[in-house]
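Peer 1: Quick one: the structure is below, and I'll ask about it shortly.
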Amino acid sequence: MERQQGLAIELVPSHAAPASELMRNPSTSNNHLLDVLEPMMDQAALKSHFKNTDLIKATSEDTDELRKLNIQSLLDDFYVLVADFRDLYNRIDLAIKSRYRHAMKNRRAFEDQTNNLMMAMNRQSTVIGDKSAVAMRRQITAFQGAKGSGKSAAFERCLSTYNQAIWHETSRQLQVTYLKVELKGATTLLEYCARFLEALERALGREKFMSEVEVPPNVTAAFMSFRSLLITYHVGVVVFDSLESTMHWPLSNRTRLFDHISGLSEIAPVFLITNASSMYEINEISQEVLTWEPLLDSSCETQVNMGNWMMFTKRIWTLHCLKAQDVELDEELNQIWFEASSGIIGLAVRFFATCQLEAINTGTECITAELMNYVRTKYFSHHRSFFIDFARQREKQKLDKAVPRKRTKSHKSPKQEKMQRADFERISKKQWNTLPQNDLRYIVSQRGDGNNYLALKEAGLVLPIGEFTLRDKFPGTI
């Protein structure tokens, strides 16, 4: 007896958080997609959430190996909760919750319209009103900043406050709160599609992805599939990182990509992360452009606030594990540190770590001005200041907007001389037989088959190439 095939059981990702454990009790919004999300954290809650607990802590009495591991952990896990972080977190949190709020409105409107239709088909009396929900406005936010300023790290830490995958047992649905697509190194639209599917696979889990997601055969089909996947898995927000990689794409491919991204924003909010401030496509489709410059002076958009810089360096200085613990961070050390890193947080942390490693390897066990200058010359002499370049680009954009460009006078091209003789008159082909007999058009018209070459040859007007070799006829021809 053959075994009867049953319905397919939807796979539950092992890493997905159960919605029943996250659901607020009682429900505050009557929206199960919203009720599983944590309330927005204030400044104190954010500080308690990010305590750098993953740092390997070592003291000056530990072995060199453990201290070097502590320095490497400083590069990998240390994070400074700057003042701009809360604003970024609030924007992401509001974007995700706004997406789910509109999603439930659309679902209820669809259910109301379905009920009205069924009642009308059954000839039941009902008042069919306007049940359509207000569509979510397109929300595309560009997030720009210098290379090494911590844009991606800030986003990753904001997104880490959410469960990426949440399983709703009652509706047998998976909710993906965010999707982060990394485009660094991508050179074609096909590679972009592969990166998008990789991000979706990380969110769903490999087993669920392989069983439910069908890889599209081409780019056009992939773009259409991505829209439906965002709806199917209730994606809250989509983040595209390293969009500067598309600057060298062909214009047609770049335009097609950004048109696709603009279309995705109709379903879920989109954030674009880039270190290029002059990409026309990003500025064109973005409703808002945020600049990530945590140490920038608000009164002067091209200079670093030295007060913020001093607070940052004093905090990180206490984390060094060298044996000379009594060395204080004076103004001279701070100035060298600033010039070596151009005020960029990521570079500043790396420079501080490199100085510690050099102090341990050389046995000095102390960070001095001579050591900082040596490290700067050896490891950071060829470093290009992305911060200064980024500030210059922004300043240039402001000048271009402030100073209107003068239109250059168009130089009219000189009129072409007439190639037609003054005594020549253009007439139709049917009237060629009315022309004088010495006119070539009259000669051609006398032959009925339309072979112009034979007509001219019979009239002796065609010179065969072999005649050029007869020196008796053409003595001057060689």
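Peer 1: Output the peptides 180-193, 229-242 sorted from most to least packed, where packing is the average of other Cβ atoms within 10 Å over each peptide's residues.
Peer 2: Result, highest mean first: 229-242, 180-193.
Peer 1: I need Y89, Y79 ordered by Cβ neighbour count within 10 Å, fewest first.
Peer 2: Working: Y89 22, Y79 18.
Ordered by Cβ neighbours within 10 Å, fewest first: Y79, Y89.
Peer 1: Exposure proxy check: S225, S211 ranked by fewest other beta carbons within 10 Å? Write out the running numbers ahead of the final one.
Peer 2: On the way: S225 18, S211 12.
Least to most surrounded, the residues fall as S211, S225.
Peer 1: For the pairs K47/K147; K47/K314; K147/K184; K68/K184; K151/K314, flag any whose C-alpha to C-alpha distance is greater than 20 Å. Don't skip to the answer; put the middle values down first.
Peer 2: Working: K47/K147 25 Å; K47/K314 18 Å; K147/K184 13 Å; K68/K184 30 Å; K151/K314 22 Å.
Those over the limit are K47/K147; K68/K184; K151/K314.
Each value in this text was obtained by applying a stated rule to the coordinates, not by laboratory testing. Just so we're clear, the structure is a prediction, and the values are computed from it rather than from any experiment. As a convention, Cβ positions derive from the backbone with ideal geometry for all residues, glycine included, and neighbour counts pool all protein chains shown.
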